[in-house]
Amino acid sequence: MNMLAQMSRKHRAWLAFAALAMLLLSLPFITDALLGRGWVRILDFALLYIVLALGLNIVVGYAGLLDLGYIAFFAVGAYCYALLGSPQFGLHLPFWIVLPAGALLAGFFGVLLGAPTLKLRGDYLAIVTLGFGEIIRIFLNNLNAPLNITNGPQGISMIDPIRIGEFSLASTHELFGLTFPSVHLHYYLFLCITLLVIFVSLRLEDSRIGRAWMAIREDEVAAAAMGINTRNIKLLAFAMGATFGGAAGGLFAGFQGFVSPESFGLTESIMVLCMVVLGGMGNIGGVVFGGVLLVLLPEALRHGAGPVQQALFGKMFIDPESLRMLLFGLALIAVMLWRPAGLWPSRQRRRELSADDDAAQRGTVYDAAK
Amino acid sequence: MDIFLQQIINGLVQGSIYALVALGYTMVYGILGLINFAHGEVVMIGAMVALSVSLLLIGSGLPPLLVLLIALMVAAAVCMVLGYGIERLAYRPLRNAPRLAPLITAIGVSIVLQNLAMIIWGREYHAFPALLPNSSHLLAGAIINEVQIIIVLVATAMMAGLMLLVHRTRLGRAMRAVAENPSAAALMGVNPNAVISITFMMGAALAAVAGIMVSANYGIVHYYMGSILGLKAFTAAVLGGIGNLRGAMLGGLLLGLIESLGAGYIGDLTGGFFGSHYQDVFAFLVLIVVLVFRPAGLLGERVADRA
Amino acid sequence: MSHSQPPLLLTVFFAATLAACDKAEPPATSPTTDELLVKIGASSPLTGPQAHIGKDNENGTRMAIAEANAKGITLSGKKVRFELISEDDQADPKTATIVAQKLVDAKVSGIIGHLNSGTSIPASRIYSDNGIPQISPSATAVTYTAQGFKTAFRVMANDGQQGKVLGEYAAKNLAAGKIAVIDDRTAYGQGLAAEFVKAALASGAQIVAHEYTNDKAVDFTAVLTSIKGKKPDLVFFGGMDPQGVPLVKQMKALRLNAKFMMGDGGYTPKLIELAGAAAEGVYASLPGVPPDQMPGGKGFSQRYEAKYQQPIQLYAPYCYDAVNVMIAAMQKADSAEPAKYLPELAKIEYDGVTAKITFDQKGDLKGGAITLYQVQQGKWQPLQTMGGSAPATVH
């Protein structure tokens, strides 16, 4: 009897897994049929942002280091891809070299950023990382003279599409009797990368390193006393997060076919941070959810703001496009007020929070250690 | 030499503007340990309200300075209500939440204020009427005009006034007590919530002053003006040691000087390899170097002497 | 904006909402069977720092479409009703590709946009893949039409064309021997300034300083002070009017007595309104010929102001022309099918509000005339139209 129940539970898990897999595999086709191809492209971007958010989650969520310049690593990855696979230098290296190269280079930049900021905490770290992000963007924007490296503000166009062997993701393919347009193909590639990143994140979470990160997040001094090499562990967090960001950047460059510095501004860093915090810092499911939500929400509002107004009041009071970002801002506030720890916080964090309720009003008003 | 002096003046004026905004960041940070990321947008709202009021009154025959004063009062009042509302709605419910939660609501508030301003005042740039005397004076070959002198004086006066308030008044003592330990302060008969509300309102009134000074100096206002100003001022506040009033002033002036001297001389010093387009790189590098050696900013001390 | 500013936030809020709903178009009626519905897509930044120019673009496009509908155009025997689908691309390259895909999904027959080069370039790939003609009213980067896409056109001179005219005019006509250049490090400002420098050097001028700023800056005293030390005859700024205004005012305040010149980003009524007396004597260029000299150009700005209760910001006439060129090509092909009217578009000759529009094989404006203007007695006065400049070479 007991065995049977266990079997069926296992069975049920498998069934759920299979259903999820089927859903993820057929999602671009369902979306295309119901909502149009534009939404498949939005899904592609959602996957890219999930990779970014998971990368930032390592730095902010696990290690507790507030990074406001994370998009710089995305930029490094994107430009690395663009420079090695475009007419800019006449280099057309294959995808499987360019993408890891971008990820590694971004990882190196992560260490570069991490090294001088080891002593800094909280808000001071935030402003330095913000500055670092701006520095990278300014260099990308200005390195067209005296030596033209990045083509400056004009950006790099005609970037090679992602090509695996002879199989180019930029054109439509017929496979197994189905038609796969370019956005669908990118979806499957990005899905693979996203799943890989989720897998790595999951493994990291329960590893020695992951626990060391969390120890540092909770109490750096205690962590050091326990024999954790805080310097190396922090640098590793920066490098690991940056590597994910760099990989996402490479995919972005190949997908868009064009990169320019304006894609890598401070608002992008803030958006990714919002995904991590809103979804639930330190919880992979929450971060994934946050990424999906913040990519889809502005696009859904693009369609919703006008018609909903029309339906409610019978006419347009405010331009729908002005209202769109307004509602987005209100949504950010509302979600944080409703669920301060994020929509789907990690279990440990939820425990901490409820424990804090008993000991409310201790220390400073906003407890900086949390 | 007159060029160098001119650059110093440019830097001091720009720096005073940063300092005015930075004081608002520091007031709030000093008492709550919270970066009020929406502060730059409150500055913008202050400027916009002042614009509306002065446009309404400018035809009435009142002397320009009186118009400015009324505009300032209205703008300060609106900003104070706004500041109170922001604290009440977006920050107070999150006092025991994870540290990053109020950061996200602050970003949300910024987006809301920006888009609200776009809906109310339109998408275009507006000319801010010249209400302050604007004639220029020659000073050893360099030029300074009266608006600029007023800005430097106002920033200095604001800092001095806040210092007096924090260190010499009952309210100031209550603020310091809340900053130190809100529950202990409450036991001593201080109402922490009221003190925090007052701090936010003072920060917002400061923002209104800063908004008007910025608009008077550049003669142009736009709903997007707050974000970049807020960012620069935040940098200045951290450079000086956030939470410290003298630090905000020092950080602001220093950042202004770094920017103007950087933009003015970096090209000649590096033989044209780096130009004025690396001005912000230069500013951030100085910030990073300062923080590496003094992790809490120039005048910052971890806990003591806040606000 | 048309509405004044009462002091109370709420009152203003309602004034704005009322003004906004005044402007709203009447809801579309469903097409009858003998009516052909043709969708035109448009995209520009409608939120963010460039929203004022983006909205102006949308207005120009909307006006042309309303007029075409009022005129009653028939294609293959059916009366056509044009419908505008306008999307906000936030001046962000990523959002631009999402918008592009969305417009393609909506089965638009053509695209008017995008405003910026940084959004036009990545979006052009998607339009090209789907064979949909795209006419940008305002993207100036040479790259946009140099990618080899058959569907990419513009009714605006590119940086090469405009920078060349400006540089030659500065060096020769204005006899500026020593020139200082400032650019705002955007694709537009940097591209224009680079071409200006090339042409000015070729015409014998000397570049005594090249300084930089950004498209959010308001304080230029540091770079202007440094320029003042180099004693230039003329300062050229590659950028838009929000920076041009404080820049020229600060020039005057610092008593830097040099001529001041901008590209099309400076030719706006706002520049005069905001800079006041400091605007006097400023030079700016605008692709095309002065509107009064074009048939149909004369009444354009009045019609625009009557419709939207505000003056033209900048590119609305180009959007207007872009729509009309597209419709003219459809009429020639007697079809709104992209594949059918695209060849007609490529070889069209059309008298627009801004210029006589023909495209070269890349999709650039052929031999586009460029007019130089100067602010005189608080008004933009045309100085000289320089026509038939050779198309720029790609660098």
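A short reminder: the numbers here are calculations on the coordinates, not readings from a lab. What you see is a predicted model; the values in this text were computed from it and never measured. With ideal geometry, Cβ positions are generated from the backbone for all residues, glycine too; neighbour counts draw on all protein chains shown.
Numbers below:
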quantity: Neighbour-count order for C:Thr151, C:Thr268, fewest beta carbons within 10 angstrom listed first; calculated: C:Thr151, C:Thr268
quantity: Within the stretch B:83-102: backbone nitrogen closer than 12 Å to the B:Asn193 label point (7 Å, Cα to C-beta); calculated: B:88-89, B:92-93
quantity: Cα-derived Rg over Rh, computed across the protein assembly as shown with Rh taken as Kirkwood radius; calculated: 0.96
quantity: Residue-count net charge about C:Val208 - beta-carbon cut-off 13 Å; Lys, Arg +1, Asp, Glu -1; calculated: +1
quantity: Residues C:Trp380, A:Trp96, B:Trp121 arranged by fewest to most Cβ contacts within 10 Å; calculated: A:Trp96, C:Trp380, B:Trp121
quantity: Considering only the protein assembly as shown, percent of DSSP beta bridges that pair antiparallel, nearest 5; calculated: 45
quantity: Label point distance in nm, A:Ala16-B:Glu146, each placed 7 Å from Cα along Cα→Cβ; calculated: 7.5
quantity: Efficiency of FRET from Cβ geometry, A:Phe108 and B:Leu153, R₀ 51 Å, rounded to 0.05; calculated: 0.55
quantity: 5 Å binning of all Cα-Cα separations within the stretch B:94-201, expressed as whole percents from 0 upward; calculated: 2, 9, 10, 11, 11, 14, 15, 12, 9, 5, 2, 0
quantity: Qualifying trypsin sites (Lys or Arg not before Pro) for the stretch C:91-133 [loop in DSSP, other Cβ within 10 Å: at most 15]; calculated: C:Lys107
quantity: Under 14 Å, Cβ to Cβ, from C:Gln361 - net charge with Lys/Arg +1 and Asp/Glu -1; calculated: +3
quantity: In nm, spacing of pseudo-spin labels at C:Lys216 and A:Glu166 (7 Å Cα→C-beta vector); calculated: 4.9
quantity: Rounded Å value of the spacing that divides the Cα centres of the stretch A:179-251 and the stretch C:101-171; calculated: 40
quantity: Largest-first ellipsoid semi-axes for the stretch A:138-281, taking √(5λ) over the Cα gyration tensor eigenvalues, angstrom; calculated: 35, 24, 13
quantity: Length-normalised contact order for chain A - Cα pairs under 8 Å, 6+ apart - percent; calculated: 27
quantity: Debye log10 I(q)/I(0) for chain A, one point scatterer per Cα, at q = 0.06, 0.07, 0.12 Å⁻¹; calculated: -0.26, -0.35, -1.00
quantity: A:Glu220/C:Ala202 FRET efficiency (R0 45 Å; Cβ-Cβ; nearest 0.05); calculated: 0.15
quantity: Stokes-Einstein D (µm²/s) once Rh is taken as the Kirkwood radius of the stretch A:80-133 over alpha-carbon pairs, at 10 °C in 1.306 mPa s; calculated: 123
quantity: Label-to-label distance, nm, for residues given as A:Leu35 and C:Lys39 (7 Å Cα→Cβ offset); calculated: 1.6
quantity: Order of B:Val67, A:Val287 - criterion: other Cβ atoms within 10 Å of each residue's Cβ, fewest first; calculated: B:Val67, A:Val287
quantity: Computed FRET value (nearest 0.05) for A:Leu178 with C:Asp292, which takes r as the C-beta separation and R₀ as 60 Å; calculated: 0.55
quantity: Two-decimal Rg to Rh for the stretch B:72-155 - Kirkwood Rh, Cα set; calculated: 1.16
quantity: Cα gyration tensor of chain C - equivalent ellipsoid semi-axes, whole Å, descending; calculated: 36, 25, 18
quantity: Partner chain coverage, peptide A:127-140 - average Cβ within 10 angstrom; calculated: 5
